[in-house]
Every structure is written in structure tokens, then in C-alpha cells.
Number of protein chains: 2
Amino acid sequence: MSGSASLIDPRSLELFYWVVQLGGFRRAAEKLATTQPAVSARIAGLEAAVGVRLLERGQRRKLSLTPQGMLLLGYAERLLALQAEMQAAFAGPAGVQGIVRLGVAETIVHTWFSLLVRRLHEAYPLLQLDIVVDISVNLRAALLAGEIDVALLLGPVAAPGVQDVPLSEHALGWVAAPELMLGTEPLGLDALGRVPIVTYARETVPYQQVRALFAGRAAPGPRIFANSSLASIVRMVLDGIGVGVIATSAIRTELESGALTLLVVTPLLAPLRFTASWRDGPGSALAAAVARMAEAVANDHPG
Amino acid sequence: MSGSASLIDPRSLELFYWVVQLGGFRRAAEKLATTQPAVSARIAGLEAAVGVRLLERGQRRKLSLTPQGMLLLGYAERLLALQAEMQAAFAGPAGVQGIVRLGVAETIVHTWFSLLVRRLHEAYPLLQLDIVVDISVNLRAALLAGEIDVALLLGPVAAPGVQDVPLSEHALGWVAAPELMLGTEPLGLDALGRVPIVTYARETVPYQQVRALFAGRAAPGPRIFANSSLASIVRMVLDGIGVGVIATSAIRTELESGALTLLVVTPLLAPLRFTASWRDGPGSALAAAVARMAEAVANDHPG
DNA sequence: AGAGGTTACGGGCAGCGTAAGGATC
DNA sequence: GATCCTTACGCTGCCCGTAACCTCT
């Protein structure tokens, strides 16, 4: 009957845990930095070991747990928690090692992100980072899909199993190259509507904010140049293509050198509120440490 | 400093646990069916992983734990207990597998032992047995040294960490070949003292009992042939060398066929009280199962 | 001198990755 | 057709066992 062949391998158990958490073999393979066939084989081995099916991978491309799978998942969680506790008890900060997949919004890349990386490297010399830069909406999806472990994004993510800690606020500013000669007087929306507005990509908060400002006005909406690359946006504004809506903290150098000037505009744009967000659970200690470090660095460098 | 190289391997943790429990690398290697170099390597790996020494193997050929070793041992116990619980939850009886090193007193070998083996094989088809037959005093030492997992011996062992369950009693009988013509009348010690007495080895309970019977008597003590092999003892008695002191249950066939006759002797010898004894602790479930099975079989076959 | 632990070295095998094959929407 | 899981296969690298060496009683 139940051909219980070998003993339950703790290593496979971790894989099983992540397969369930992330809802797929492929996801788990990514998370654990291996390949899908390896995951298949290990899960198959686990099922052989317990003698029954653990996962129903049949219908609607959705994985579901068998009753025994539920039972095993419970043990897996307890075992992983205990292991994590043990590792933590022995590995001082200098001994911590592992891979953290970190998603970062571009604004943060252009402010204090490299400082965070440096601090992390000092505190955890063995830590490896896989860095993905993308817009917040994509980072959020990636975090929920388990493709990244921590995200520094416009948050909070506010999803079950995800922790958020607030980082510093970054004010959005209207900026332009001096050659546009928009002056230093307060400007209204009418004045702005006549030049192109250069800002972040279509799915982002700043883009939506700008769009909302002009919505419902009689005058025709402004031309908005959405751009997924912050460096590119800055270039365009420097070149006088239009006015930019950019987090001022990301262009501190250009503002201080006078290459860009800050316009006084009413109404104000709401500041960007970033969070460090990570999936909670066993083994999330590293992710949490990264998030906490980000919090500390952000506090040292207010937007 | 602490060159924390890799993660703590649960497999090595089990080895570490047994090294501490059994007080030596060699013992642990035996227990886990591997070699001493393998144990050395794994412990060294473990110490590299946590970055500190776990065992002091210096002085007086005695292993002692460092403080970190104590800490790790605690985690090892918790982890192993959890693993054992998980295995038990999944492995129905038919799925149980493992190796049990079983020590057996020879008297039991000659009564119901083969039935026990058969029952065990039926109940746990994947169970492997390593059987050692020896006299009880040696079995006790082997059990305490961790060289065997369960012993069926003249008990109880009555040591910390060792569980005892009583098995059936086996009466010791005075027996002789009919040709000796000792009759069916009650015999006294004087009559017995004139013929050699054949019984178990010098370190055994029956030998000591016989010796004690004649101690303090004026008459010269009897000649006692101590023999470590029960088969050999029976052979000698069958051949008329002398009278035997043997557990009657072990020579049921010979008594029923009339090849040996039971003598009526006063005073009576105390019956042999066997126990099934095993080391308690994580992973002892199999050993306990064997002991319980022995108890059941013994109850079915009273001495 | 003998038991216990370490070091050195060769071979076997588990488990991984690549690549091709279904199945299901 | 795209996505996800499974199967097939060759290979690497880990870990074990054998053997020689060291150390302490």
C-alpha cells in the first residue's frame, strides 16, 4: 500500500513549505534559487516518503493541499521556526548569511539606496542581494507573488502576511530647467498646462496625482510624458522639454547646482510615502533585518 | 573571527546529539551505523558552521560540552523530538523503518524469541534488527554504553534514562538425564553436591544463585560447570555429565520427550525475572515499540 | 600497547541542471 | 499558444569508507 520508502528530509520540507506559501513549484524554485525540476523531484520524494499525495495539482491550475498536506505543513512550519530560532541563536550579525531578493522603487535608488547597501554589507558581510528596480505597483505584485522578499516602495502593501514599516516621506516637486524661465512667482495650473509635464510612468502614484489635478477642468489637459526611467526624466527636464514632477530628494544635486529650479506651485502635491515591506513567516528574519536597516537609513536621510 | 561558513545541518545535529548522549564519537558512529571519521568530519563541520567549539575532547578521555554546545544540544533535542513526532504522525506501523540493535539473553532465544522476531517483521516490515546474544550483565553494559538499543535481559536495568518493562518469569529447574537415576523423590543439597552442576556462565544470576545455596555449608562445595552456551549446557546434561540448573521454559521439548527429567529439590530457586529495557529519548519510539512487542509476546507465552 | 580521535585519499551515488515531453487553460 | 509540471539523462560534487597517523592513558 503506502510504500513509505525513506525518511522525511527537512530540506524537502522547506521546499514544500514554500511551494504552498507561494502557490506553485516555479515560484518556490525561484525563491530557493533552484530549478523547477529539482522542486518536482523533491516534492515527489516527499510524497513517496509519507506514502500519500500532499498536493493536488489538478484543477484550474491551482495547487491545493490534501489533508495530509495540511498536517505536514503544520509540522513544516514548526520545524522551520525552530530552525530559524536556532540559527539566530548562533549566528551573530556577522554570521548571518543568505540571499535576499530586494525590490526598490527608483526614487529610492537615487537617494539613499546605495548607503543602505553599504550598511547592509558592513553589518552582514555574507548577505547576498538580488536587486530589482521597478515601479511600486510591479514591486507590490512581485512581493505578493513571492518573487522578491523585501520591497522598498510606495506603500503600504497592506496584505495579509506582509509587514510594512514606514520610511521617510519624499516631497514631490515641480521642477524645470532655468532656461524655461518660468520665474519664481507662484504658478497656477493654467500656466503649467501649457508646457509638457514629464513624470513617472503611467501606473505610478505621481502620474495619477498629476492627472487628477487637471481632471475636471475646462481647459484641455496638459501633455504628460510618462517615463519609466527616472534618469531619463531628469535628462528631459534638464534639456528643457518640459516641467518635471519628481521627488526632490532624488535630484538634490541638480537643484543645488542650479541645473534645475524648484517651481512654486499651488496646489501642493502630496508627498510620496514609502514603506519597507516584506513577507512575514519562518525564515523571514533576514528580510526583516533588511527592512529595519532600510528604516534606519531612511531616518538618517529624510526626504 | 567566527568563520560561520554554512548553515546548521539537521543531520549533523542528530549526530551531535548522540555523541553527547553516548559520550564519544565512536559510540555515536556505531549507533548511527557509520564510521568514526564520518562523525569527526560532521562534528567539525558543525563547529565550523556555528563558528565555535562545541565539544572539549581534551582531558581524561572525557568529552565535555562548551556553553555553546549546551545551547546547541537543547535545540538538537527539541528538533529531534519534533521530527520524531512528525515521523510518527505519518508513518503508520507499516511505514515504520529503521534499525534496532537488540540484545537478547540466551534463555529468551530458546523460548519465544523467534516468535517475537516474526511478529515484529509482520507489524513493521521495514524494520531491521541487529541481534546480539549475550549474558545479561554484558547486555546491561552494552545498553548503558549505547551499543544496543533494546535488551531483553534479567532486569531491571534501573538506570537513569533507561525504561524497564517486566516480561514473564522463567522458573529455574534442576534437571537431569534419566540415566542418572536420581529418582523422583525430593532431593536435598547434600545429594546434589555429589554430582557436577551444569549451569550458566559465572557472571550470571543462576550461577550466583547456585553458588549462594552451597555457601556457608560445611561440606565442600559442588563442582560447577559454568558454560556460556545454553545449547552446550543442555547437551552436557543430556549426556549425563551432571545435573543442570536451567530455565525450564528453554528445555520444554526435552522435558516433554522425557530426555530430561525435572528433579524435585528443596529449597527452590528464585525464578528469573526478565525485562525489556531500552534507552529513552528522542527517536526511541522504535526501541519502545520493540520492547512493547516483546512484552506482548512474553505474556502470550508465560515461562 | 591499546583505545579514541584526526588526517588523507579514492570511489560511489544522490541531486542538480539542461532539455524535451505532456497537460491544461 | 502559453504556462506549468513531469520525465529523461549526463554530470558534478559531496560525503562516506578505508587506511595510516597522532595522542593520551
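Side notes on the structure shown:
- Against the list (1) more than 11 Å from the chain's Cα centre (by Cα); (2) modelled with pLDDT of 90 or more, the condition residue B:139 fails is (1).
- Of the set (1) facing another protein chain (nearest Cβ under 10 Å); (2) touching a Pro at 6+ places or on another chain (Cβ under 7 Å); (3) at pLDDT below 90, all apply to residue B:123 but (1).
- The set of residues from the stretch A:106-128 being polar (S, T, N, Q), surrounded by fewer than 18 Cβ atoms within 10 Å (Cβ to Cβ) and not in a strand (DSSP E or B) comprises just one member, A:114.
- The one condition in (1) modelled with pLDDT of 90 or more; (2) over 17 Å from residue B:111 (Cα atoms) that residue B:249 fails to fulfil: (2)
- Any hit, the stretch B:9-19, residues being of a type in the set (S, T, N, Q), outside the structural domain of residue B:278 (by TED's automatic domain parsing) and modelled with pLDDT under 90: no
- Just one of (1) surrounded by 16 or more Cβ atoms within 10 Å (Cβ to Cβ); (2) closer than 21 Å to residue A:105 by Cβ fails for residue A:202. It is (1).
- Test for residue B:103: is it more than 14 Å from every other protein chain (Cβ to nearest Cβ), surrounded by 20 or more Cβ atoms within 10 Å (Cβ to Cβ), at negative phi and at pLDDT below 90: no
- Leading residue by the ranking (modelled with the lowest pLDDT) among those in the stretch B:163-199 that are surrounded by fewer than 20 Cβ atoms within 10 Å (Cβ to Cβ) and among the small types (Gly, Ala, Ser): B:183
- Test set (1) more than 30 Å from residue A:150 (Cβ to Cβ); (2) in contact with a helix residue (DSSP H, G or I) (Cβ under 9 Å, 6 or more places away or on another chain) - residue A:268 fails condition number: (2)
- On inspection, residue A:98 qualifies as within 14 Å of another protein chain (Cβ to nearest Cβ) and surrounded by 14 or more Cβ atoms within 10 Å (Cβ to Cβ).
- Odd one out for residue A:103, checked against (1) closer than 25 Å to residue A:155 by Cα; (2) touching a helix residue (DSSP H, G or I) at 6+ places or on another chain (Cβ under 9 Å); (3) within 16 Å of DNA strand D (Cβ to nearest atom): (3)
- Complete set of residues in the stretch B:36-54 that are under 14 Å from residue B:18 (Cβ atoms), more than 8 Å from DNA strand C (Cβ to nearest atom) and either more than 14 Å from chain A (Cβ to nearest Cβ) or not in a helix (DSSP H, G or I) (or both): B:38, B:42, B:54
- Condition check for residue B:58: farther than 30 Å from residue B:251 by Cα, over 20 Å from the mean Cα position of the chain (by Cα), modelled with pLDDT of 90 or more and not assigned by TED's automatic domain parsing to the domain that holds residue B:282: no
- Reported count of residues in the stretch B:55-86, each being hydroxyl-bearing (Ser, Thr, Tyr) and either within 14 Å of chain A (Cβ to nearest Cβ) or crowded, with 20+ Cβ neighbours inside 10 Å (or both), is 2.
- Verdict on residue B:232 being on the phi < 0 side of the Ramachandran plot, outside the structural domain of residue B:148 (by TED's automatic domain parsing) and surrounded by fewer than 19 Cβ atoms within 10 Å (Cβ to Cβ): yes
- Single residue of the stretch B:273-296 satisfying the filter (in a helix (DSSP H, G or I) and small (Gly, Ala, Ser)) that is farthest from residue B:163 (Cα to Cα): B:296
- Selection of the stretch A:248-264 for residues being out of contact with any Phe, Trp or Tyr (no Cβ under 9 Å at 6 or more places or on another chain) and either basic (Lys, Arg) or surrounded by 14 or more Cβ atoms within 10 Å (Cβ to Cβ) (or both) yields A:248, A:250, A:251, A:252, A:254, A:255, A:259, A:260, A:261.
The values are calculated or read from the model by the stated rules, or taken from the named source; none is laboratory data. Note that this is a predicted model, so its numbers are computed, not measured. Backbone-built Cβ (ideal geometry, glycine too); neighbour counts: all protein chains shown.
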